[in-house]
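First the structure, in the form of structure tokens, and then the observations on it.
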Amino acid sequence: MYVVVGGGVVGLFTAYYLSREGADVVLIEAESLAHSSRAAAGVLEFTKFELNRINVRGYASRYLKMIINGKAAIRRIDPLWLLTYLKVYGRDPDPSVWTFMSEMAQFSKREYFRLAEESNDFELREEPVFEVVEDVEKEVEALKKDPLRPRFEVGELDGRQVIVYLDAVIVSTDLLAERLSRELKNVRILKGRVAHYGDGYVVLEDGSKIEAEGVVFSSGWWCRKLGIPVAPLKGYGVRATTSKRPSRAIADFVRGVFVVPFTKWVKITGRFDVDPYGDLKYLPPVLEAARHWAGDINAFDIAVGFRPCTPDGLPVLEKRGGVVIATGTCRLGWTYGPAMGKIAAELALGKRGDSPLSARRFAAR
Ligand SMILES: Cc1cc2nc3c(=O)[nH]c(=O)nc-3n(C[C@H](O)[C@H](O)[C@H](O)COP(=O)(O)OP(=O)(O)OC[C@H]3O[C@@H](n4cnc5c(N)ncnc54)[C@H](O)[C@@H]3O)c2cc1C
């Protein structure tokens, strides 16, 4: 039997692929399935990694500017994470990592289209995203340097020049989380929090012990308890009915909000705070910003999400004895979810060796 700890997007896909391989699977989730993951906007960016690269030169000063302008906040920071961040700041990964990331993205894209072909009950659509940015020329230069080679053009929206990202795929993460839960018919889903683990077992907070051939930790930023430098970059995801329906998916980096229309609601997301607390302290400015695109907002569902971010913005996929760790997708967890799950499942089943995304990279000088 295999145990998957954490039922966010990565854990759901891990359980899905393990179960498709015929494995007996128990998925343990401390809260409700995808309670954090479903905060996401649902913009899948298979050819763009720029947003995740929080360690490129200049990022720290941009983030500081966001803090000064009230667009981001640091409420608690892990010293191990900060030290590692300083160590990898400005460091580029080996070029082979980009080939690996690109293959992961293309695998994920194929899987989403396969799931949608079976039944598009999660509103998958290929559609450009309109990005409102401070400085279009600077953004064009940054996009040209993106190792995944995004297709884009400069367009117009609301009387200003914007970036139109052409390779985007939109999905409803709320509906996709429900679909994935339905796909897990053969998986035993257990509500509980794993308190500790050992070779071939996990122990829940209530003291119950579950033995397993393999354990996958897909527990988001909580993987820091396993010594992985991963921080919670918190954001909000709101489903709302609105007085104005935006005609397209908008990523407004100037106001700090994404606004994405779906059939029955508009998804509004925002904030990128270093913040492990589950409160709604910084939600009001997100809703205020969204009014520009959506008019009056009647929020009927609010999710708080914690993007698990490593200091270099790249994921961690690693096997340590009988334990696999799959985390660190930061802003792109839905984009890479299927590939993260597939690789984690293969690592657990012994069907592949280690991956180029081991956390050992942080130990290197
Ligand atoms: C506002 C916002 C907008 C976003 N927009 C996008 C987007 O448009 N496109 C995109 O690709 N990505 C987006 N993301 C990023 C994406 O949502 C994350 O990368 C993704 O959710 C990470 O998934 P995960 O499964 O690794 O972690 P999580 O979603 O954090 O899941 C981990 C799960 O593990 C559980 N857990 C933790 N510890 C334990 C334990 N000890 N025992 C049992 N269970 C445990 C937690 O309760 C949690 O449910 C967005 C994120 C946010 C917050």
Handout entry: Pairs with Cβ under 6 Å, 6+ apart, first in segment 330-359 and closer than 16 Å to Gly220 by Cβ and in a helix (DSSP H, G or I), second acidic (Asp, Glu) and at pLDDT 95 or above
Key = Thr335/Glu45; Ala359/Glu318
Practice task
Report yes if Thr99 is more than 16 Å from the ligand (Cβ to nearest atom) and either closer than 29 Å to Thr14 by Cα or not in a helix (DSSP H, G or I) (or both), otherwise no.
Solution key: yes
Practice task
Kindly check whether there is at least one residue in segment 210-224 that is under 23 Å from Lys65 (Cα atoms) and either within 12 Å of the ligand (Cβ to nearest atom) or in contact with a strand residue (DSSP E or B) (Cβ under 9 Å, 6 or more places away or on another chain) (or both).
Solution key: no
Exercise for the section: Might you let me know whether segment 233-253 holds any residue that is in contact with a Lys or Arg (Cβ under 8 Å, 6 or more places away or on another chain), of a type outside the set (S, T, N, Q), within 12 Å of the ligand (Cβ to nearest atom) and part of a loop (DSSP other than H, G, I, E, B)? Expected result: no
Completion exercise
Taking segment 310-331 and keeping only residues that are of a type in the set (A, V, I, L, M) and surrounded by fewer than 24 Cβ atoms within 10 Å (Cβ to Cβ), one is left with Val323
Handout entry: Any hit, segment 257-279, residues being within 14 Å of the ligand (Cβ to nearest atom), free of Cβ contacts under 8 Å to residues at least 12 places away in the same chain and not in a loop (DSSP other than H, G, I, E, B)
Key = no
Problem - Matching option when the condition is under 20 Å from Met101 (Cβ atoms), within 20 Å of the chain's Cα centre (by Cα) and within 16 Å of the ligand (Cβ to nearest atom), among Leu33, Leu27, Leu51 - result: Leu51
Practice task
Answer yes or no as to whether Glu156 is outside any strand (DSSP E or B) and either free of Cβ contacts under 8 Å to residues at least 24 places away in the same chain or surrounded by fewer than 18 Cβ atoms within 10 Å (Cβ to Cβ) (or both).
Solution key: no
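The values are calculated or read from the model by the stated rules, or taken from the named source; none is laboratory data. Everything quoted here is computed from the prediction, not taken from an experiment. Note that each Cβ is placed from the backbone with ideal geometry, even for glycine, and that neighbours are counted across all protein chains shown.
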